1. Mind listing the long-range amide H neighbours of G239? Cut-off is under 5 Å, sequence gap 5 or more, other chains count too, H placed in the peptide plane at 1.01 Å from N.
2. With Rg and the Kirkwood Rh both taken from Cα atoms, where does Rg over Rh land for segment 50-200?
3. At 20 Å minimum axial length over the Cα atoms and a Kyte-Doolittle cut of -1.0, report the qualifying DSSP H helices in the chain, or say none.
4. Which of these, A26, A175, A146, has the largest mean-square fluctuation under a Gaussian network model of the chain (Cα springs below 10 Å)?
5. So how exposed is M92, as accessible area in Å² (1.4 Å probe, rounded to 10)?
6. Taking the Cα centre of segment 91-217 as origin and charging only Cβ (+1 Lys, Arg; -1 Asp, Glu), how large is the dipole, in debye to the nearest 20?
7. What accessible area per residue, rounded to a whole number of Å², is obtained for the chain using a probe radius of 1.4 Å?
8. Count charges around S77 for me, please; just the other residues with Cβ under 10 Å from its Cβ, Lys/Arg as +1, Asp/Glu as -1.
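The values are calculated or read from the model by the stated rules, or taken from the named source; none is laboratory data. Treat the numbers as computed from the prediction; the structure is a model and nothing was measured. Cβ atoms come from the backbone with ideal geometry, glycine included; neighbour counts cover every protein chain shown. Protein only, heavy atoms only, side chains kept; ligands, DNA and RNA dropped before computing areas. Shrake-Rupley method; radii C 1.70, N 1.55, O 1.52, S 1.80 Å.
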Amino acid sequence: MGDRRRIVAGNWKMHGSLASARELAAALAGASHEAAGGLPEVIIFPPYPHLDAVRRVLDDAQSAAGIAVQLGAQDVSGHEQGAHTGQVSAGMLDDCGCSHVLVGHSERRSAFGESDELVARKFRRAADHGLIPVLCVGETLPEREAGQTGAVVLKQLGSVMKRCGAGAFERAVLAYEPVWAIGTGLSATPEQAQEVHALLRGEIARSNAKIAAGLRILYGGSVNGANAAPLFAQPDIDGGLVGGASLDAKDFLRIITAV
Ligand code: PEP
């Protein structure tokens, strides 16, 4: 896998309260890291209203000997600013201290009808503001069963490459999240995930081999403390995007140290 530094990212979705978000952030940032030296990058994605409070908790913990935890948002508007009630711009996320933002999570694509085109606009907007987009791609179960996995993820990736170019992946992260594995307890096997990760890396390499070699591609879909290590051992899997198991500090730390 070369010298790509691993990433473990926690998507908190719409769970918890302000108090529990602060508590969880403090537990992560304050955790002593026995795995010193080999720690991955750690990023958490709390709900919007909790971002500022979580950032303060992380800032306070930063001077202590805890884990360095970065902050991300779960979504971003494709617009710069304006009359878009309920949306949050990339500039606002930057102001909140976010370094990363998820774009194209399957729940946004399916429940909110986000098209590949809109996801590409969000990616571009985030990158223009210096945020690191974490682009999520993945197939549904019927698509996998129909043998369309490769075509689906390449189409999702392709629309971002078309709008932003392969160069945009120099400062981006890719996440392969099979929809059938998200929140179901049914993870892809390491071999299934590796096959798609290699395909995605190969696609970027066709445009720019150096960027492809340095790109971190995360696997997401029912990652837990038990299955993380064999998944992360695959040559093209550079860490995980974790939902459910990121809501418990102990579970999430087990995944972090599995790296
Ligand atoms: C996710 O929300 O991106 C996710 C992968 O969730 P879970 O780990 O719960 O499957």
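1. I7, Y219
2. Taking Rh as the inverse mean 1/r over Cα pairs, Rg/Rh reads 1.00.
3. Long hydrophobic helices here: 149-164, 190-205.
4. Among A26, A175, A146, the largest mean-square fluctuation in the Gaussian network model of the chain belongs to A146.
5. 100 Å²
6. Values: 15 positive and 15 negative charges, 89 e Å.
It works out to roughly 420 debye.
7. On the way: 11270 Å² over 259 residues.
Per-residue accessible area for the chain comes out at 43 Å².
8. Net local charge, S77 excluded: +1.
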